[in-house]
1. Once all Cα-Cα distances of segment 211-279 are split into 5 Å bins that start at 0, what whole-number percent is in each one?
2. Take the Cα radius of gyration of segment 173-413 and divide it by 2.2 N^0.38 Å, with N its residue count; two decimals is plenty.
3. Where the centre of each part is set by its Cα atoms, how far does segment 303-345 sit from segment 219-262, in angstrom?
4. By average Cβ neighbour count within 10 Å, what is the ranking of 46-57, 340-351 from highest down?
5. Among 324-334, 305-315, what's the highest-first ranking by average C-beta atoms within 10 angstrom per residue?
6. Along Cα→Cβ, 7 Å out, is where each label goes; now give me the distance between the ones at R368 and L224 in nm to one decimal.
7. So if I place +1 on the C-beta of Lys and Arg and -1 on the C-beta of Asp and Glu, and nothing else carries charge, what would the dipole magnitude of segment 173-413 be about its Cα centre? I want it in debye, nearest 20.
8. For segment 179-249, just say rounded, prolate or oblate: build the C-alpha gyration tensor, square-root its eigenvalues into a ≥ b ≥ c, call rounded for a/c under 1.5, and beyond that prolate if a/b exceeds b/c, oblate if not.
Amino acid sequence: MAWGASVRQVALPVECRPPHPKEARKGAQRTATFTEGCAMPARVVLAIHHEQEQLAVAPILTKMPGIDLVATVTSPGELEQLIAQQLPDLVILSSELAGGATAGLIERLVARYRLAVLVLLPAEDLRTARRFLKAGAADVLPLSSVADELPELIQTVLRQGAPALRSPLQVGRIIVFYGTKGGVGTSLLATNVAVALARYLPPESVCLVDLDLQFGATPMLLNLQPKMNLATLAQRFQGELDFEMLRSFLLLHSESNLRVLAAPSRPELAELVTTYLIERVLQVLKNHFAFIIVDTPNLLQDTTLAALDAADHILIVTALDLLAIRNAEIVLTMFQKLYPAERLRLVLNRSNTRFGGLTPEQVEEHLRMTIAARIPSDGQLAVTSINEGVPFVLQAPDAPISQAIFQLASLIAGQPIGLRETAETTGGSLFRRLVGYLLGEE
């Protein structure tokens with residue numbers, strides 16, 4: 001997930017890219033990307049099996065504005081090697097590239113690199129198209145329709161971004177929220193982001209883990225009364241853990257389909273939870289959920305460090321006060337020594353408050369880091385949400401604070417979250433929509 005200076009509107013036709021695409025480590029999640037300047041060309045790789053496919057597609061790509069044809073490859077091995085090096089936005093792939101293993105290749109590419117894949121079919125074949133769509137392809141297109149439909153379809157696929165992870169076999173992403181001091185709203189943000197993702201993604205896609213082991217607030221924020229939590233799990237943990245065992249400790253927030261692993265119910269029980277248990281829990285969850293949101297305390301204890309080490313992205317939450325900014329500077333200095341720069345993202349809560357005269361721009365200049373997400377203040381809605389146990393993204397989805405959370409969730413998911421669908425965002429080829437109808441998607 002590569003983020004930058006400002007949040008791109010999800011409906012923009014071309015994604016921006018960071019200056020150094022090779023920075024992302026192998027397996028890094030590919031989602032909407034951003035730079036400080038204008039949108040850069042979308043990087044496209046063409047993977048063909050027949051010369052006819054290249055003759056039909058390559059001329060269209062070279063003439064399309066905002067498209068950079070990075071390379072043309074002719075074998076699965078060459079394709080995977082190129083993707084690992086270049087991290088393109090889109091792969092246009094022949095259905096015959098890997099023979100009978102092409103569907104598996106697509107599933108592996110989508111799971112590992114979180115990119116969009118458009119499949120070229122030699123002819124209209126609903127059965128074959130269905131197999132590729134279930135494997136994770138963003139769309140399918142018969143070769144006979146390339147000339148008429150490919151340009152518009154490419155723009156639609158790029159707008160939609162990489163698909164959310166859907167299969168239990170796919171490896172999920174761990175997103176850790178870390179606050180620079182108490183009171184910056186880390187738990188409230190993490191909980192609402194998790195609810196937003198769970199509400200708009202398929203069931204069993206999102207799990208929220210409360211790692212504030214002494215004073216975890218997640219159950220109260222969601223109006224849950226857990227009988228099972230990390231402490232009760234620790235009491236039964238004998239060194240081995242599988243999902244069947246862990247499932248019984250996961251609460252269900254029925255309003256959003258969010259799964260929750262609660263913190264111990266009392267502070268003295270925190271010592272039961274070991275670093276090894278947290279490592280095992282996160283690994284098991286990663287194999288069964290698309291996104292694991294982890295709320296951590298600002299105390300850097302061993303269990304917190306275990307979550308940070310396992311994180312795909314660390315969202316450092318701060319606010320517009322000097323103590324929070326000072327702590328953010330200390331945290332960033334330390335984290336930049338421990339983790340790759342592409343893992344770290346800065347989130348500014350209560351970004352519209354001006355009590356101390358500080359501005360978001362001053363924060364960015366002082367910390368020498370771009371603010372990835374700005375969450376405005378709404379004290380009345382936030383307090384009401386806490387007191388009633390109803391996340392504000394459900395209680396008031398149109399409020400500015402909720403829209404900012406939806407925007408942050410969209411960045412994490414790589415697709416629109418909480419936004420009304422329009423013809424632009426739900427488009428696709430006529431053939432794809434027909435297949436979608438037959439699959440029950442429309």
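1. Bin by bin from 0 Å, the calculated values are 3, 17, 29, 26, 17, 7, 1.
2. Working: Rg = 17.0 Å, N = 241, 2.2 N^0.38 = 17.7 Å.
It is 0.96.
3. Segment 303-345 and segment 219-262 have Cα centres spaced 26 Å from each other.
4. Numbers: 46-57: 18.3, 340-351: 20.1.
So the peptides 46-57, 340-351, ranked by packing, come out 340-351, 46-57.
5. Working: 324-334: 17.0, 305-315: 20.5.
Those peptides, ordered most packed to least, come out 305-315, 324-334.
6. Here the answer is 4.0 nm between the modelled labels.
7. Working: 18 positive and 23 negative charges, 24 e Å.
Here segment 173-413 has a charge dipole of around 120 debye.
8. Oblate, since a/c reaches 1.5 and b/c is not below a/b.
All of the numbers you see were taken from the coordinates with simple rules; none came from a lab. Here the structure is a predicted model, which is why all the values come from computation and not from measurement. Using ideal geometry, Cβ is built from the backbone for each residue, glycine included, and neighbour counts are taken over all protein chains shown.
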